[in-house]
Structures are given as structure tokens and as C-alpha cells.
Amino acid sequence: MATNFFYQITRVLNRNPDGSKATQAERKKILKLADKQLRELNVRKLELRNLGRKHIEKLVTHWQDQGLAAGTIKTRMTHLRWLSEKIGKPGLVPKSNASLGIENRKYVTNQNKARFLVNSKLATLNDRYLDASFRLQAAFGLRREECMKVQLHLADRGDHLHLVKTKGARPRDVPIRTLEQRQLIDEVKKWVGDSSLIPENAKYVSQMKRYERACIKMGLDKAHGLRHAYAHQRYFELTGFNAPAAGGPSTKALTREDKQRDFEARMVITEELGHGREEVTAVYLGR
């Protein structure tokens, strides 16, 4: 259902058809996403006239918490900056992204950022919803939002998980490869039924806050390292050798045959992690 805020944005978009058709479509998509996520962050009755710096900062923090690349956030800021200028609030979004805490683009460093669950620390949470979310995230390389919103009774397709509540609303399949993965899914399905891994008496935002506190308690930072560990494991399974970021040989040092394995593995892992470009997956695997 369209909000009054997005209705007002649409009028601004229609009056100012700047750029190519592709640019206009992307701008509308990002501004619609901003409207949706602000509502998810409990911003109510927002209108263009009261759009303020606190709303921009709230979005930036949310995107950083999602683990989005600095380049992705900067692109989104371009569209928000365009909107602020069109509504007569040019200072609403600073020209300098750094003033909002947005880092420069991160290039591949071959740094190992993998993190692993420790059962003894997981047990201290005493929360089966969070326990299941973290285990699913580690076992299938899920994003934070995905590991809480997944409905296993729908996602479980026997030999793979079919994920629909994903970043960018791009459905994807993640293979169920091991007995341990199958046992985890069956174990959680027994008690969660047809619900997600957000308790019935909780909202996504409140559950996310519990998740964030749990990450701090277990020393996982934002738990994005669990996805790195998944990527490393899949790379080894698909190639037979470790990824550069996990201590393996650099791509330049590979034989022609191994370079082909490397390329094919990166394509598979890119799909499984839900990214659109292999360059993003290189942050996990290194070069």
C-alpha cells in the first residue's frame, strides 16, 4: 500500500524526469525502498516537509548494519541527495559521504574475515529463535534478515532452500548438501511450524535488536563473518583448494585448469550468497 510520503515523492519524480530511463527507474526504486525501510524502522506519518537529517542517518545506519558495500550506499545517497535538492532542502544530505560515516569503497585485501559459531557461547543466549537463526546463517550463508524471516515449511524444497524474502527481492536457491544441514532444518521445522524465526509476539525490528545484542555477546561483530566462512567452505568444496582469503593460492598463481575451477566456483558462490556480481563475492574469497 502506497504511503503519503511515497505519493509525494512520486509527484517530485514525475515533475523532474532527469537522466536516462534507467536512471529514473533506479531512482524510483531506491526512494521506494527508503520509504519501506523507514516504515520498518518505526518512522510513522513521514512527509517530505518533515524529512530530516535523522531519517537520512537512520537509513545509513540500517544499510551499514545490513553489510552493504560502501559503493552501494553511496549510490543510494546520490538519489537521496537528488530528492533533497528537488524539495528545496539541499543541505539535508551532506555533499561529503564521510560526514555520515560512510567509508570509502573497500577493495579486495585477501583478509580472512571468516567467523564461526561457538556452541558454548550460543547456549548462553537461551533463545531458540536466535539459536536457530545463527545456525541457519552459518550453515547456508544467509544474510541477517534472511535468517530471521525465512519460513522453512515453504523454503525447504528437499535438496535446496528456496529463499524469497531476500535483499532486493531476488529469490534464490541455496543447496542442502550435507546431512548436518538436513538435520538442522528438520529439527527447527518441528517446533517453528509454519512461522518464521521471529517470535509471534515480536516485530522484525525488535528481533533485529536482540540479534545485534547477541552478536556482541558472542563476539561476532555483525555476524557477517559467518557468510565469509560459508563462502570459504563452498570454495574449497568446489575447487579442492582454499580461497586466497583463507590462505590459498592467489588467482595469478593458479594453473589454467585451476583458474577455470576458480571461475566456476565464484559464479556458484555468487548465486548462493545472493549477489549480482562476482566482484562483490571477491570481498569474501580474495584474489
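Summary of computed values
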item	result
Hits in segment 251-280 - residues which are touching a helix residue (DSSP H, G or I) at 6+ places or on another chain (Cβ under 6 Å) and open to solvent by 70 Å² or more (accessible area, probe 1.4 Å)	Arg261
Residues satisfying the stated conditions in segment 230-250, i.e. crowded, with 20+ Cβ neighbours inside 10 Å, small (Gly, Ala, Ser) and touching a residue at least 60 places away in the same chain (Cβ under 8 Å)	Ala231, Ala245, Ala246
Verdict on Ala202 being in a helix (DSSP H, G or I) and among the small types (Gly, Ala, Ser)	no
Of the criteria (1) assigned to a loop (DSSP other than H, G, I, E, B); (2) modelled with pLDDT of 95 or more; (3) under 13 Å from the mean Cα position of the chain (by Cα), which one Gly158 fails	(3)
Selection from segment 241-287 of residues that are assigned to a loop (DSSP other than H, G, I, E, B) and hydrophobic (A, V, I, L, M, F, W, C)	Phe241, Ala243, Leu254
Every residue from segment 161-191 that is touching a helix residue (DSSP H, G or I) at 6+ places or on another chain (Cβ under 9 Å) and in a loop (DSSP other than H, G, I, E, B)	Val164, Lys165, Thr166, Ile176, Arg177, Thr178
Pairs with Cβ under 9 Å, 6+ apart, first in segment 163-179 and on the phi > 0 side of the Ramachandran plot, second open to solvent by less than 60 Å² (accessible area, probe 1.4 Å) and of a type outside the set (Phe, Trp, Tyr)	Gly168/Leu33; Gly168/Gly274
Segment 1-59, residues that are touching a residue at least 60 places away in the same chain (Cβ under 8 Å) and in contact with a helix residue (DSSP H, G or I) (Cβ under 7 Å, 6 or more places away or on another chain)	Ile9, Val12, Asn16, Glu40, Leu41, Asn42
Exclusive hit being more than 16 Å from the chain's Cα centre (by Cα) and either more than 18 Å from Glu272 (Cα to Cα) or at pLDDT 90 or above (or both), set Leu226, Leu152, Leu163	Leu152
Subset of segment 1-16 [at pLDDT below 90 and loosely packed, with under 11 Cβ neighbours inside 10 Å]	Met1, Ala2
Qualifying residue in segment 232-253 (condition: within 23 Å of the chain's Cα centre (by Cα), among the basic types (Lys, Arg), modelled with pLDDT under 95 and farther than 18 Å from Leu125 by Cα)	no
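The values are calculated or read from the model by the stated rules, or taken from the named source; none is laboratory data. Computed from a predicted model, the values in this text were never measured in an experiment. Note that each Cβ is placed from the backbone with ideal geometry, even for glycine, and that neighbours are counted across all protein chains shown. Keep in mind that these areas ignore ligands, DNA and RNA; they rest on the heavy atoms of the full protein, side chains included. Shrake-Rupley method; radii C 1.70, N 1.55, O 1.52, S 1.80 Å.
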